[in-house]
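Undergrad: To start, I am sharing the structure in question, which I have written as structure tokens.
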Amino acid sequence: MTMRRHKPLFAAVFTILITTAPVMAAPAKPADNAAYAALVPQFVLVNADRRDVLSLSGPWHYSVDPYKDGMADFHGKPYDVTKGRGSDVNVEQAMKNDPDVFYEYDLARAPVGTVPSAWIGYSPELRYYNGLMWYQKSFDAPAKAGERQFIRFAAADYKTMVYLNGHRLGEHEGGFTPFSFEVTGLLRPTGNNLVVAVDSERTPDSVPTQVTDWETYGGLIRDVTLVSTPQTFIDDDFIRLTTDGQIKADVALEGDARAGQAVEVSVPALKLTLKGTTGADGRVSLSAAAPKGLKRWSPDTPTLYDVTVKAGADVLTDRIGFRTIEVKGTQIILNGQPIFLRGICLHEEEFGPNPSRRITPEASRALLSEIKHGLNGNYVRLSHYPHSEVTTRMADEMGLLVWSEIPVYWAVKFGNPDTLKTAQTMLAENILRDRNRASVVIWSVANETPISDARNSFLTALAREAKALDGSRLVSAALLTGTKTIDGHIDITIDDPLIHELDVMAVNTYNGWYGNAKIADVPATVWHSSFNKPLILSEFGAETLAGVHEPERQGRFTEEYQAKYYVNTLAMADKIPFLAGLSPWILKDFRSPRRQNTWQQGWNRKGVESENGERKQAFFVLSDYYWKKAGE
Ligand code: GCB
């Protein structure tokens, strides 16, 4: 982001007044947090999806610009904002007024598509368009005296430049996390001209790079809103139950009156009120012993409490679950009890033959219901990038534990400090958006990255950042391991040096699909670990096209092969003493341009359901397995 400033992450310590529990000392400020300050967005606008906003979603004009003409002239000289497509010109009027004037674009009269949605859904010609797209929307914004206003993008994939009424607001890199620009004083009561350039093209230095195993869904893929706040407002809060039985709340205010402000955090159903006063930095940390009557959030009892945060003229309300998550030896511990994670991976793609990454509450519920109720699951790996806040809120409500990941996927430029900065910023934006979601229990910093010194230090920096921003959750990464054959059995040793930095080991394993190992040999696999930590099999899977059957031969791409693969891999899983969870690859078939054989036709077919939600045989194998596991 271009608009960033130094911002310490945690509050100073202040006096706490509580109505139902004894006064407790607030936590000390972690010494190394200043190191992460530059990564935190200028405005967090926590809980913005629940503020009273003006929605800017709906119809927008869109206009392709494959040669990026709108950015620079024909000799490559960048336009200043008065000339490029971000300028505030009424093209039709200007050309009528002066016959000598002409423009090579007219955004306000370009075709119309619906936001949020990837542009892939707008027209058949855009199916494989990967490049720069200009968006334009006119809107009215009646003045709100004394308020501040922000345009918030819940996500735009991949790089975004924003212009309002001819002012360049800034830019943002990264396709899956929210960002905002302050527009106080720039709005007109009627006829605002919002122009957004979204470039879906990635470079070798991007996160992720150009090559992934999923569709690049370019565009304004999540909501756009105009958020209004009082002059001084609650920008950030972090409210949680800690393992020592405290409810803690860190609150950060933005605005001229942020110092010395009274702050109140209350949970009426628990008769709990935390009170304090912000310090010179606008921050306060509050805590109190959790009331006896607290019902802890869990997948079986996903209790959410209404929580209100008040500071000056600002009031935020949220729905928050309270639970603890830890690791003890090789076990994952939820609310003090060991839990086995019965999960599956999920891409952000709605059911249907032509998905365009439109994650409405209904679309999200349909996907998560298949995991929770269809598969008897309690856990979902949201791979390979931060999914919509609609999904993490839905997981809170429905009771599914969540693994959240940033797209440090395969071979990013581990040696490039700018690439690291991009990844670190994404991680910060993801954590600050979701650290009040009880469902989220694991921050993952990478997937299947090749071990090297550069990679180890890159991922170490990310793992430490996750801990510094949120010490209440577990940190992991999906890793690869080598496979040997010893005395006729498959032998796997987990020894990735990154694991020293992780709470949970996670391994993607595809024996029986990729590699030379035979599917029949998978159950006898012997796993060794050099670490006393829990393991999640973060991926395993095999492809089949729903409806393809070969009961006798059971060849690849048949439902029988995939079902047999699941039976054998689950038999292997049963023998891993330090196993704490599973997230096979994947709930449903998803678009992947690299998959082009007869059965695939542009889809990765490792779903246990088709793209339309038809359950394959393997679905029932997994569902039965989880049913038994749930009863253990
Ligand atoms: C993996 C990747 C995942 C792929 C999957 C596959 O290991 O993490 O993104 O889609 O394998 O199908 O090969």
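Undergrad: Which cross-chain or sequence-distant (5 or more) residues have an amide H under 5 Å from the amide H of Ala477, H modelled 1.01 Å from N in plane?
TA: Answer set, sorted by chain and number: Val445, Ala506.
Undergrad: Within the range 536-618, which trypsin sites (Lys or Arg not before Pro) sit in a loop by DSSP and count at most 13 neighbouring Cβ atoms inside 10 Å? Walk me through the numbers before you get to the answer.
TA: Details: sites: Arg553, Arg556, Lys564, Lys575, Lys588, Arg591, Arg594, Arg595, Arg605, Lys606, Arg615, Lys616; in loops: Arg553, Arg556, Lys575, Arg594, Arg595, Arg605, Lys606, Lys616.
The qualifying sites are Arg553, Lys575, Arg594.
Undergrad: For a quick check of your reading of the filter: which GluC sites (Glu not before Pro) in the range 144-173 sit in a DSSP loop and have no more than 15 other Cβ atoms within 10 Å?
TA: Glu147
Undergrad: Enumerate by residue number the GluC sites (Glu not before Pro) in the range 537-622 meeting two conditions: DSSP loop (anything except H, G, I, E, B), and at most 16 other Cβ atoms within 10 Å of the site's Cβ.
TA: Hits after loop and neighbour filter: Glu552, Glu614.
Undergrad: In sequence order, what are the phi-derived ³J(HN,Hα) couplings for the range 384-399 according to the Karplus relation 6.51 cos²θ - 1.76 cosθ + 1.60 with θ = phi - 60°, rounded to whole Hz, with x for glycine and proline?
TA: 10, 7, x, 7, 4, 5, 4, 6, 5, 5, 5, 5, 4, 6, 7, x
Undergrad: Need one word for the range 491-623: rounded, prolate or oblate. Basis is the Cα gyration tensor (sqrt eigenvalues a ≥ b ≥ c); a/c below 1.5 gives rounded, then a/b vs b/c decides.
TA: Prolate is the answer for the range 491-623, as a/c is 1.5 or above and a/b outweighs b/c.
Undergrad: If you don't mind, there's one more thing I want to ask. Can you give the local net charge around Thr212? Use residues other than it whose beta-carbon is closer than 10 angstrom to its beta-carbon, Lys and Arg +1, Asp and Glu -1.
TA: Residues near Thr212 contribute 0 overall.
Undergrad: Enter the Cα centre distance for the pair the range 293-359 and the range 504-571, rounded to the nearest angstrom.
TA: Value for the Cα centre distance between the two parts: 29 Å.
Undergrad: Spin-label point model (7 Å from Cα, Cβ direction): what's the Ala94 to Asp453 distance in nm?
TA: Inter-label distance under the simple model: 5.4 nm.
Undergrad: Rounded, prolate or oblate: which fits the chain when a ≥ b ≥ c are the square roots of the eigenvalues of the alpha-carbon gyration tensor, with rounded for a/c under 1.5 and prolate only if a/b beats b/c?
TA: Oblate, since a/c reaches 1.5 and b/c is not below a/b.
Undergrad: At what distance in nm do the modelled label points of Thr303 and His500 sit from each other, each positioned 7 Å from its Cα along Cα→Cβ?
TA: Distance between the two pseudo-spin positions: 4.2 nm.
Undergrad: Say the dipole of the chain comes from +1 at the beta carbon of Lys and Arg and -1 at that of Asp and Glu; which of Pro497, Tyr128, Ser57 then lies farthest toward its positive end?
TA: Pro497
Undergrad: Taking the alpha-carbon centroid of each part, what is the distance from the range 433-476 to the range 38-91 in angstrom?
TA: First find each Cα centre; the distance between them is then 30 Å.
Undergrad: R0 = 45 Å: FRET efficiency of Glu147 with Arg553, Cβ-based, nearest 0.05?
TA: 0.10
Undergrad: Suppose the chain between Phe74 and Thr114 were pulled fully straight at 0.36 nm per residue; how much longer would it get relative to their current alpha carbon spacing?
TA: Extending this stretch completely gives an extra 11.3 nm.
Undergrad: For the pair Asn354 and Gln601, what calculated FRET efficiency results from E = 1/(1 + (r/R0)^6), where r is the Cβ-Cβ distance and R0 = 22 Å, to the nearest 0.05?
TA: 0.95
Undergrad: Then there is this: Please arrange Lys144, Lys328 by accessible surface area, largest first, computed with a 1.4 Å probe and ligands excluded.
TA: Correct descending sequence by accessible area is Lys328, Lys144.
Undergrad: Related question: Are any of the pairs Lys83/Lys144; Lys77/Lys159; Lys467/Lys629; Lys518/Lys606; Lys328/Lys564 more than 29 Å apart by Cα-Cα distance, and if so, which?
TA: Beyond 29 Å: Lys83/Lys144; Lys467/Lys629; Lys328/Lys564.
Undergrad: Per residue of the range 247-263, what does 6.51 cos²θ - 1.76 cosθ + 1.60 with θ = phi - 60° give for ³J(HN,Hα)? Whole Hz please, x for Gly and Pro, Karplus curve as stated.
TA: These are the phi-based 3J(HN,Hα) values: 9, 10, 9, 9, 10, 10, 9, 10, x, 4, 9, 6, 7, x, 8, 6, 10 Hz.
Undergrad: Next question. Under the Karplus relation 6.51 cos²θ - 1.76 cosθ + 1.60, θ = phi - 60°, what is the ordered set of whole-Hz ³J(HN,Hα) values for the range 605-611, x standing for Gly and Pro?
TA: Residue by residue, the range 605-611 yields 9, 7, x, 7, 10, 6, 5 Hz.
Undergrad: With r as the distance between the Cβ atoms of Tyr67 and Asn416 and R0 = 25 Å, compute the FRET efficiency 1/(1 + (r/R0)^6) and round to 0.05.
TA: So, using R0 = 25 Å, E works out to roughly 0.40.
Undergrad: Using helices alone, what [θ] at 222 nm do you get for the chain, with -39,500 (n - 2.57) per DSSP H run of 4 or more residues, divided over all residues and rounded to the nearest 500?
TA: When only DSSP H runs of four or more count, the value is -4500 deg cm²/dmol.
Undergrad: Same structure again: From the convex hull of the Cα coordinates of the range 58-222, what is the mean projected area in square nanometres?
TA: Average of the hull's projected areas for the range 58-222 equals 10.7 nm².
The values are calculated or read from the model by the stated rules, or taken from the named source; none is laboratory data. Nothing here was measured: the structure is a model prediction, and the numbers come from that model. No Cβ is skipped: glycine too gets one built from the backbone with ideal geometry, and neighbour counts run over all protein chains shown. Each accessible area value is taken on the protein alone, full model and side chains, heavy atoms only, with ligands, DNA and RNA left out. Shrake-Rupley method; radii C 1.70, N 1.55, O 1.52, S 1.80 Å.
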